[in-house]
Each structure stands twice: as structure tokens, then as C-alpha cells.
1. Dipole size in debye (nearest 20) for the chain around its Cα centre, Lys and Arg Cβ +1, Asp and Glu Cβ -1?
2. Provide the FRET efficiency to the nearest 0.05 for the Q82-D298 pair, computing r from the beta carbons and using R0 = 56 Å.
3. Would you kindly compute the Cα radius of gyration of the stretch 1-119 and its largest Cα-Cα separation (Dmax), both in Å?
4. Work out the charge dipole of the stretch 45-155 with +1 on the Cβ of Lys and Arg and -1 on the Cβ of Asp and Glu about the Cα centre, then indicate which of L144, G61, V50 is farthest towards its positive end.
5. Please give the peptides 65-77, 20-32, 430-442 ranked by average Cβ packing (other Cβ atoms within 10 Å per residue), highest first, as a rough proxy for protection.
6. Please compare each pair in K344/K494; K46/K316; K46/K119; K9/K46; K169/K353; K316/K371 to a cut-off of 23 Å on the Cα-Cα distance and tell me which ones are over it.
7. Mind checking the full-extension length gain between Q30 and A241? Use 0.36 nm per residue of separation minus the Cα-Cα distance, one decimal, nm.
8. Excluding same-chain residues fewer than 8 positions from K68, which aspartates and glutamates have a Cα within less than 14 Å of its Cα?
Amino acid sequence: MKQLIEAIKSGNLSTFSSPAVKVYASSFTQVGSISLLLVRTEAGKKLIAVGEGDLYNQLNGEVVDGGKVAPLSHENRLTLNQFLPYTAPQAFGTQVATMGLGDRLGIAGPGHIQTIRGKDIRPVLAQQSIRELALTGRTYEDVLDAAAYAVFQEGYKDGYGADGDHLKKEEDIKYALRLGFTMLTLDCSENINNTIESLSEAEIAAQYEQLPARLRNHYENRYLETAANVPGATLYYTRQALQKDVLIYDAAINFMEAIFRKYIATLDRAVDFEISIDETATPTSPEAHYLVANELHDRGVSIFSMAPRFCGEFQKGIDYIGDITQFELELASHAAIAVHFEYKLSIHSGSDKFSVFPLIGQYTNGLFHIKTAGTNWLEAVRVVAKVNPSLYRRMHQYALEHFAEATAYYHVTTDIGAIVPLAESTDAGLPDYMDENNARQLLHITYGLLLQAKNADGSKQFADEFFQTLEEQEDTFAEGLRYHIGRHLELLGK
């Protein structure tokens, strides 16, 4: 450690070399007379501080050879945020493209940053839902800590966001905002009436007539008597379609407004407020999108982005399923509506939708928000398949045995029978499973079960070995992310 401390003091890291210590040279930074460096030792990653001053004093750690060796703790992350503002998340607003890079493992951040650095798009590195936290056994503190330390490790100073993703409950909204999350994705699914689509015309009309006359007159005057004027969008309201949209979305619009007024409008800092209406029983028509957006606009609710449910299927971990011609027609209207109301169109479950990425980039004029998450987990699994075939085989078999359990959380159309049996695959062929849609979805949706699985003695069945493998293959994992996420960006025009 003494040689490393001396190298940090001199600012010449090339004078230090040790097989037991990996130096992340991009992290080297100075704050006044204090020098900071991130390294990985046999005991894990550590923050090394050398010098004198408030930053040095506030870091919790052990003084060794004239320097301080600090753990990557939550408390030390807060100290870094205070002295190095670029390590804290920020809101981006609507004038730059953004990409949500949900890092379920807390180790994908460096690869994500390497991929997005220098591109005309900004990363939302911390992006997790409460459901994902439960499945991974993490907290929002963990998620923010991992993102901030990744930013410090890479010396990335262009800004990153933190998204409390798909939040439904007020206590979860308060939790995320209290910690400093800079984006909030409001999941309105529990306020959207999913029973309406299956009703007959007469049943819809009967339910609609039960609404207050004032409410019915409001919607009819606005959408049947007055034509919508949105350049680039094709919008045509029929009485029946309007009745259905009102029944489906009116309560959700009230919910959106209530959350905005209570939690967003009262904040003393900027937060990117996204509306999610994508987790519904039926696709969001352009007319329904316009109705929601227009009502919010007239109520003074400012939003960063809106995520409709597009036609076709945006399933986890695989390409778009559906009629691309129809998707393009509706996308043009959805994008035009977003432009009209001055927010960004948001694409959820955006991982691996390669066939429609060029259209998204084109119709949004490169100004969009797109969410990915599980695809970085799959790249981690690919690394395991390459270098630790025994672990991969055990994980794959466990996923097969617990697949039905995982479908309670995700909608997929996976054909388990189409997956090549493990016994028929050589070790060298195991990574090929990550190129086959059914196997991708199998491993994608079982991530939480795999990470939480325990042996009879209470030890982790896979997680410890999994993370150890990824730690040893850190550069390989980052390389895989640069290629895979890089392909997303290229097709999106970034």
C-alpha cells in the first residue's frame, strides 16, 4: 500500500504496479490538496484518499501508510456527492435524449458509461422498480451507491439520472424522492380500468351513462365537438371509442394530477416526471394518448415523458413482435403528440427491440427516453456461460424448474420446449443460449429467483459464485455491454 500511496501523492500512477491491486486510472481526481483513487484489492474495491482537508476527514476508513483506505459505503458515497457534484444524479429535462440503464446487479455501471460516453444521449444509471428491489434483495440506497461509484470509477462528468421506476404507492414515491432520485416514473396501472376492453358496446355505453353529466359533457365537448389539431398525428374520435377511453383513463388522469401536485410541484429541485400507461390490457391508441396528454396539459401538469403501450408486443429481452407497418403508423402519431405537448416519448421494455429502433430514432427526431434493464443481466449471464460453464448449467436448470413461478411477474410467450436441452450443448456452445429468444426469456425473467436461491444451509445457491465470476471478468463484462448496448445506440441514431 505504501508504494500506491506514494504514486497517488506524486500523481504518477504509472510508477505503481502490483498483481494484487487493480488501479482504475480514470477515477484519479484531486479536490484541493486531496487526491482520490479507486482501486480493487483482494478485499474488494476501495477508495484511497491522500492529503489533508474536510473531504479526507469526512471519509470513513482506515489510515494506512499516510493515506486513508475507505470502503465503498453509503456514507462515503454521500461524502463524494458533497465534494464531487458530478457523482450525484441530476434531472435532464426534455431537450436531450435519455436512456434508462437499469443495473439490477450493481456492477454494470462502468460498462454502461463506457458505452454512452461521448454520445448525444444521457444515461439514467440508477433505474429500478420496487418489484426489482424485492427480487434482487437491494434497496434504493444500494442502487444510488452503485451508480455514483461507477461514475467516480470512470471519471464520468457529463451527468446521470436516477429513476424511481414504475412506482405506484405514495410511500415508495416519498422514499425515492427523499433519497434524491431525479426521475419518477408514475405507474398508473392500478388506476386504469382494464375491464372495459372486454365489454360490449351496450355495456360500455351503460357504464359511461353512469358517469356524472358534467364529466361526460366535458369530454364530449372537447373530443367530439372540437377536432384535435396536432401536426403529424392522425386523430379521429368516435363516440364509442371516446366512451371507452374515458372509462379506462379518467381515474388515472386524476391520480396523475394528484401525485404531481402533492410530490412534484412542491419540490424545491427539478425532477423528471414520467407518466407510464403502458402496463394495460390493451394498446394505447393515439387518440387515448392525446386525451390523457391534453387533460394533463389543461390541468397544468408538466411531464418529462409519457410511455404508452404500443401496438404489438414489447416483451422482455427479445425483439419487437407485431406488424411493423402498423407500429410505424401509430408511432408517428404518438411522437407528434409528444412534440405537441413538449415532452419526450418514452419506450418501456426497450431492450433488444432492434427492428424498430431506427423508426423510434426517426419519428422522435432523436429526442426520446428509452428504458432497458434485463439486457445487461443477460450479458452477465453470457459471460458466465463463457467462463464458468458449470455455474451456467446449474443456473439454466434451476431457471427451467422455476420458470412458471417467474411468469407471475412478467408476460412472455416463451416456448420452453423449443430450447435445446442442456445435455445436447457442449460447454463451448453454452453462450449460444443468449442468442435464442426462448432461452433469453427463460434466463431473463428468472433473475430474481436465481439471485435469491439458497442452499439448505442458508448460503446463496448461485449469487456468490456468480458475482465472484463477474468480478474476475469485469473487463469482459464491460466489453459485452459496449457491444450490446452500443448496438442499441447505433440503431437509435446515437
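1. In debye, rounded to 20, the chain gives about 1060.
2. That gives a FRET efficiency of 0.85.
3. Values for the stretch 1-119 (Cα only, Rg and Dmax): 15.7, 48 Å.
4. L144
5. 430-442, 65-77, 20-32
6. Where the Cα-Cα span goes over 23 Å, the pairs concerned are K46/K316; K46/K119; K169/K353.
7. Separation in residues times 0.36 nm, less the Cα-Cα distance, equals 69.8 nm.
8. E6, E52, D54
The values are calculated or read from the model by the stated rules, or taken from the named source; none is laboratory data. On a predicted model such as this, the values are computed, not experimentally measured, just so you know. Methodologically, a virtual Cβ is constructed for each residue, glycine included, from the backbone with ideal geometry; neighbour enumeration extends over all protein chains shown. Heads up: the accessible areas ignore ligands, DNA and RNA and are worked out on the full protein's heavy atoms, side chains in. Shrake-Rupley method; radii C 1.70, N 1.55, O 1.52, S 1.80 Å.
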